[in-house]
Amino acid sequence: MTDRYTDIARALIPPLGGSANIGDINNCITRLRLDIKDPDLIRPEAVRAVPGVLGVVEDDTYQIVLGPGTVEKVTAQFRRLVAEERASGGGGAATTGAAGTSGTPAAGTSGTDAERLAQKGAVLKAAQKSRNNTPAKNAIRKIANIFVPLIPGLIGAGMILAIRGLLANWQTAGGAPGWLGTLVPVLTVVGSAFFSYLAVFAGINAAREFGGTPALGGAVAAIIVLPAVASIHYSLPLVGEVHLSPGQGGVIGAIFAAGLCAWIERLLRGRIPDAIDILVTPTVALLVSGLATIYLFMFVAGEIATAIGNGAVWLLAHSGVVAGFLLGGTFLPLVMLGLHQALVPIHATLIQQLGFTPLLTILSMAGAGQVGAALAVYLKLKRNTSLRTTIKGALPVGLLGVGEPLIYGVSLPLGRPFITACVGGAFGGAVVGAFNQFVAPFGATAIGPSGLALLPLLQSHQGQGYAIIAYVTGLLVGYVAGFVATWFWGLPPQLIAEHNGDASDQVADQDAVPTSAPTTEQGDRETTSTL
């Protein structure tokens with residue numbers, strides 16, 4: 001007897017063109033990320049029809065949105081099933097899908113307004129994907145791919161440090177049991193270890209992404225965190241005396257170092273005789289890139305990292321409201337343009353510089369605006385049963401920071417509600433920026449979650465309680481502003497007339513989907529989306 005996660009994984013393989021069409025399999029906090037060999041073999045509507053699938057994003061990888069928690073379990077089963085099919089000699093592209101995953105829409109949704117909007121959202125995504133296929137944006141995605149595999153470690157270590165902080169506060173307040181005196185230092189070590197060696201992990205992934213050997217990327221990045229670099233000092237023209245310190249340059253320096261190491265390695269491969277390649281290539285690549293790291297990258301990347309940290313603090317201290325309004329209001333368009341991925345190394349740098357990234361808490365307000373806008377659409381279009389079903393299933397995960405179902409299934413295809421959702425994000429961002437400007441900076445100790453899922457990872461120098469209050473206040477303002485803007489401006493009469501349906505439409509919908517007995521797919525979608 002199989003579990004739900006195995007069923008989801010098994011149902012996804014046929015509409016993806018079979019296991020033979022699937023390359024690398026990875027996941028982030030919400031998405032199953034796949035390298036697809038032949039995109040033409042994919043049947044997108046069948047993929048979306050699989051119960052448990054919250055959405056699909058077609059980028060440099062094919063991304064299936066499953067939600068936090070679910071994605072790890074489905075990925076494990078998906079990887080196992082694909083390997084088993086390949087081992088058994090199967091895996092050819094399927095011509096017919098599993099039950100409930102055929103290319104034709106499931107019963108009860110064909111021809112509904114929700115399906116038409118979903119198809120329109122898919123067209124918008126595909127058009128945006130083609131516009132995003134530029135060298136600059138591909139380079140940004142490559143940088144982002146370095147950090148995506150690190151997100152589970154960032155979240156886990158961040159959660160441990162958050163628990164450690166609560167226990168330390170208990171000790172300070174008094175009344176804590178004596179054994180906490182031993183546990184708190186242990187949690188400090190367990191939670192801090194990953195962040196202390198984050199540059200090494202970034203170097204490993206960077207080397208893999210740039211076509212080099214991961215071990216060499218990790219080796220040259222390890223120079224950055226080695227305590228012995230504190231004894232190194234030298235002079236640079238126009239700069240003067242340089243004294244290095246462990247960690248100087250952080251992940252930015254690690255990416256520079258691993259990128260150079262991978263380039264040298266690729267340059268030497270094929271030029272060095274096979275008999276001595278294993279000796280010469282890694283030695284030369286590590287030596288040259290290591291010297292460059294010590295005499296160039298650590299200093300330059302350290303200056304960049306310091307400028308990022310100081311710049312963020314100055315911006316939020318002097319114009320937090322304005323910066324929050326602009327960042328919160330423009331983040332969703334940045335996502336559509338693919339430019340948001342350039343912020344990932346900035347988040348990592350801020351976490352190393354400040355202990356948290358205030359930028360992420362501001363950008364998370366964009367999701368709050370989406371939730372408020374979707375709720376207004378739900379209440380305004382009372383007779384559009386198909387779209388209301390979509391919203392009802394997508395709202396719970398939207399509250400947890402998974403915004404794709406609401407964006408591509410509701411607000412973006414409708415048009416104006418996408419703009420009013422951005423307005424909600426702008427007001428929420430302004431409130432978060434105001435807390436940073438007039439009270440104290442706060443932010444997230446890890447990259448990945450947003451929405452309510454970010455609450456345990458919030459921190460500030462004023463304590464976690466203040467950070468939570470400030471963030472929740474911003475979320476509430478984002479919800480309300482997105483709702484109000486959509487209610488009064490986002491749904492003009494002509495849009496309501498087009499999508500609210502009439503009595504005959506209602507009868508047709510009721511004939512297709514009996515209200516007393518919803519289809520299995522709809523029932524599964526509503527159930528899985530609340531997990």
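The values are calculated or read from the model by the stated rules, or taken from the named source; none is laboratory data. For clarity, every value in this text was computed on a predicted model and none was experimentally measured. Here Cβ is always computed from backbone atoms with ideal geometry, including for glycine, and neighbour counts include all displayed protein chains.
Residue under question is LEU363, and the condition is that it be in contact with a Cys (Cβ under 6 Å, 6 or more places away or on another chain) and closer than 25 Å to LEU150 by Cα; does it hold?
No.
Can you tell me which residues in the stretch 271-289 are modelled with pLDDT of 95 or more and crowded, with 20+ Cβ neighbours inside 10 Å?
ALA285, LEU286, SER289
Does PHE331 count as in contact with a His (Cβ under 9 Å, 6 or more places away or on another chain) and either over 22 Å from VAL229 (Cα atoms) or buried (at least 21 other Cβ atoms within 10 Å of the Cβ) (or both)?
Yes, satisfied.
If you go through the stretch 248-266 one residue at a time, do you hit one that is assigned to a loop (DSSP other than H, G, I, E, B), closer than 22 Å to THR349 by Cβ and within 38 Å of the chain's Cα centre (by Cα)?
Checked the stretch 248-266: at least one residue is assigned to a loop (DSSP other than H, G, I, E, B), closer than 22 Å to THR349 by Cβ and within 38 Å of the chain's Cα centre (by Cα).
Being touching a residue at least 24 places away in the same chain (Cβ under 8 Å), in contact with a Pro (Cβ under 9 Å, 6 or more places away or on another chain) and of a type in the set (Val, Ile, Thr) is the filter here; which residues of the stretch 243-290 pass it?
Correct list: VAL251, ILE252, ILE255.
Of the residues GLY501, GLY433, GLY448, which single one is crowded, with 18+ Cβ neighbours inside 10 Å, closer than 20 Å to ILE362 by Cβ and modelled with pLDDT under 90?
Only one candidate passes the filter, namely GLY448.
Give me a count of the residues in the stretch 167-183 that are part of a helix (DSSP H, G or I) and loosely packed, with under 10 Cβ neighbours inside 10 Å.
The total comes to 3.
In the set ALA219, ALA202, which member is of a type in the set (A, V, I, L, M), under 22 Å from ALA139 (Cβ atoms) and surrounded by 21 or more Cβ atoms within 10 Å (Cβ to Cβ)?
Criteria check complete, one pass: ALA202.
Could you list all residues from the stretch 206-242 that are over 17 Å from ALA285 (Cβ atoms) and in contact (Cβ under 8 Å) with a residue 12 or more places away in the chain?
VAL225, LEU226, PRO227, VAL229, ALA230, ILE232, TYR234, LEU236, VAL239, VAL242
Can you find even one residue in the stretch 47-69 that is surrounded by fewer than 16 Cβ atoms within 10 Å (Cβ to Cβ), at pLDDT below 90 and not assigned by TED's automatic domain parsing to the domain that holds HIS499?
Yes: one or more hits.
All but one of (1) under 27 Å from ILE151 (Cα atoms); (2) part of a helix (DSSP H, G or I); (3) in contact with a helix residue (DSSP H, G or I) (Cβ under 8 Å, 6 or more places away or on another chain) hold for ALA453; which doesn't?
(3)
Of the conditions (1) of a type in the set (Val, Ile, Thr); (2) at pLDDT 90 or above; (3) more than 30 Å from the chain's Cα centre (by Cα); (4) more than 19 Å from SER289 (Cβ to Cβ), VAL229 satisfies every one except a single condition; which number is it?
Among (1) of a type in the set (Val, Ile, Thr); (2) at pLDDT 90 or above; (3) more than 30 Å from the chain's Cα centre (by Cα); (4) more than 19 Å from SER289 (Cβ to Cβ), the lone unmet condition for VAL229 is (4).
Are any residues in the stretch 297-323 within 15 Å of PHE442 (Cα to Cα), in contact (Cβ under 8 Å) with a residue 24 or more places away in the chain and hydrophobic (A, V, I, L, M, F, W, C), and if so, which ones?
ALA312, VAL313, LEU316, ALA317, VAL321, ALA323
Given THR330, THR357, which one is under 19 Å from PHE438 (Cα atoms) and hydroxyl-bearing (Ser, Thr, Tyr)?
That would be THR357, the only listed residue that is under 19 Å from PHE438 (Cα atoms) and hydroxyl-bearing (Ser, Thr, Tyr).
Which residue, of ALA228, ALA275, ALA285, ALA305, is under 26 Å from ALA342 (Cα atoms), among the hydrophobic types (A, V, I, L, M, F, W, C) and assigned to a helix (DSSP H, G or I)?
ALA305
In the stretch 41-57, which residue that is touching a strand residue (DSSP E or B) at 6+ places or on another chain (Cβ under 9 Å) and touching a residue at least 60 places away in the same chain (Cβ under 8 Å) is nearest to GLN341 (Cα to Cα)?
Only one residue fits best here, namely VAL57.
Give the stretch 2-53 a look and list any residue that's under 18 Å from GLU85 (Cα atoms) and small (Gly, Ala, Ser), or say none.
Answer for the stretch 2-53, where residues must be under 18 Å from GLU85 (Cα atoms) and small (Gly, Ala, Ser): ALA9, ALA11, GLY17, GLY18, SER19, ALA20, GLY23.
Can you tell me which of (1) within 25 Å of the chain's Cα centre (by Cα); (2) modelled with pLDDT of 75 or more is the one GLY175 doesn't meet?
In the conditions (1) within 25 Å of the chain's Cα centre (by Cα); (2) modelled with pLDDT of 75 or more, GLY175 misses (1) alone.
Hey, can you tell me all the residues within the stretch 378-409 that are under 26 Å from LEU455 (Cβ atoms) and either of a type in the set (A, V, I, L, M, F, W, C) or not assigned by TED's automatic domain parsing to the domain that holds GLY428 (or both)?
Those that are under 26 Å from LEU455 (Cβ atoms) and either of a type in the set (A, V, I, L, M, F, W, C) or not assigned by TED's automatic domain parsing to the domain that holds GLY428 (or both): ILE391, ALA394, LEU395, VAL397, LEU399, LEU400, VAL402, LEU406, ILE407.
Determine whether TYR466 is within 27 Å of PRO149 (Cβ to Cβ) and part of a helix (DSSP H, G or I).
Judged against the criteria, TYR466 is not a match.
LEU387 versus (1) surrounded by 21 or more Cβ atoms within 10 Å (Cβ to Cβ); (2) farther than 25 Å from GLY415 by Cβ; (3) over 22 Å from the mean Cα position of the chain (by Cα): which is the lone unmet condition?
Tallying (1) surrounded by 21 or more Cβ atoms within 10 Å (Cβ to Cβ); (2) farther than 25 Å from GLY415 by Cβ; (3) over 22 Å from the mean Cα position of the chain (by Cα), LEU387 fails exactly one: (2).
Do you know which of the residues in the stretch 383-413 that are outside any helix (DSSP H, G or I) and of a type outside the set (A, V, I, L, M, F, W, C) is modelled with the lowest pLDDT?
Per the stated criteria, the residue is GLY403.
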